[in-house]
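A.B. asks: Quick one: the structure is below, and I'll ask about it shortly.
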Amino acid sequence: MSTVQENYKEVCARVDAACTKAGRERQQVRLLAVSKTKPADMVRDCYQLGQTAFGENYLQDALEKIQVLRDLPDIEWHFIGPLQSNKTKAVAENFHWLETLDREKIARRLNDQRPPALPPLNVLIQINISDEDQKSGISTTEVHAFAQTLASLPRLKVRGLMCIPEATDDEQRLQQQFERMQQLSRDLTARYPEANVLSMGMSSDLELAIACGSTEVRIGTDIFGARNTPAAQ
């Protein structure tokens, strides 16, 4: 068994234990394997254990892997990085999910560029839950209005919310941010039942995120090892 496969099993065991501790069913929490900067053979190793959803930040690196791994029919590609206007077409044409949507301009470009032969692009609204100036994401007060705008775009499907919380060792602060996200998610799902995904939690805080209602945790280093430095994108 490869190192990636051993790591993957350990991460799955952590998610299992976190769900049990939180009193949640395991199928309520999806694992997104963040494969950014990692080669296609590592993705294939992980896929062979049943992992189908993979997250990518760097477009050119991702497109190369998508091409190499086209023989895996049920693989699911999530773009989870900041998206510039000049890269929307490639995301619209090649990805199943965009998890970092926070601008109407980007949303409209994705909608216009999504090929009619493909199903609508699944999108998550990124929330700047810690109100940090340097972070992407909309404010908590803008969620309803932004969701209404996205709901009017037929080639996009609003599937929920995501956040990158504050980088802090203060578990109470993290818990407050996760609980606020959970409430925002409940409010959104009440209006849009299909928008029931709450993507939050990474290697260092997945247990707390799952306890606070996360339905998707994004794990990279603990599966694939330290990230490589990507080429200019």
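The values are calculated or read from the model by the stated rules, or taken from the named source; none is laboratory data. This is a predicted model, so every value here is computed, not measured. Neighbour counts run over all protein chains shown; Cβ positions are idealised from the backbone, glycine included. Just the protein is used for accessible areas: all its heavy atoms, side chains included, with ligands, DNA and RNA removed. Shrake-Rupley method; radii C 1.70, N 1.55, O 1.52, S 1.80 Å.
A.B. asks: Which of the residues spanning the stretch 75-92 are farther than 18 Å from Met162 by Cβ and among the hydrophobic types (A, V, I, L, M, F, W, C)?
C.D. replies: Ile75, Ala90, Ala92
A.B. asks: Taking the stretch 11-50, which residues are aliphatic (A, V, I, L, M), open to solvent by 60 Å² or more (accessible area, probe 1.4 Å) and within 18 Å of the chain's Cα centre (by Cα)?
C.D. replies: Of everything in the stretch 11-50, nothing turns out to be aliphatic (A, V, I, L, M), open to solvent by 60 Å² or more (accessible area, probe 1.4 Å) and within 18 Å of the chain's Cα centre (by Cα).
A.B. asks: Being at pLDDT 95 or above and among the polar types (S, T, N, Q) narrows it down to one of Gln28, Gln5, so name that one.
C.D. replies: Gln28
A.B. asks: Right, here's the next one. Looking only at the stretch 158-169, decide whether some residue is out of contact with any Asp or Glu (no Cβ under 8 Å at 6 or more places or on another chain), open to solvent by 60 Å² or more (accessible area, probe 1.4 Å) and hydroxyl-bearing (Ser, Thr, Tyr).
C.D. replies: No, there is no match, as no residue in the stretch 158-169 is out of contact with any Asp or Glu (no Cβ under 8 Å at 6 or more places or on another chain), open to solvent by 60 Å² or more (accessible area, probe 1.4 Å) and hydroxyl-bearing (Ser, Thr, Tyr).
A.B. asks: Do we have any residue at all in the stretch 200-217 that's under 30 Å from Pro116 (Cβ atoms), at pLDDT 95 or above, aliphatic (A, V, I, L, M) and within 16 Å of the chain's Cα centre (by Cα)?
C.D. replies: Checked against the condition, which is being under 30 Å from Pro116 (Cβ atoms), at pLDDT 95 or above, aliphatic (A, V, I, L, M) and within 16 Å of the chain's Cα centre (by Cα), the stretch 200-217 yields no hits at all.
A.B. asks: Sticking with this one: For the stretch 135-187, which positions are in a helix (DSSP H, G or I) and among the hydroxyl-bearing types (Ser, Thr, Tyr)?
C.D. replies: Selection gives Thr140, Thr141, Thr149, Ser185.
A.B. asks: Here's something else I'd like to know. Checking the conditions here, which among Ala147, Ala226, Ala167 is in contact (Cβ under 8 Å) with a residue 40 or more places away in the chain and of a type outside the set (Ser, Thr, Tyr)?
C.D. replies: Only one candidate qualifies: Ala147.
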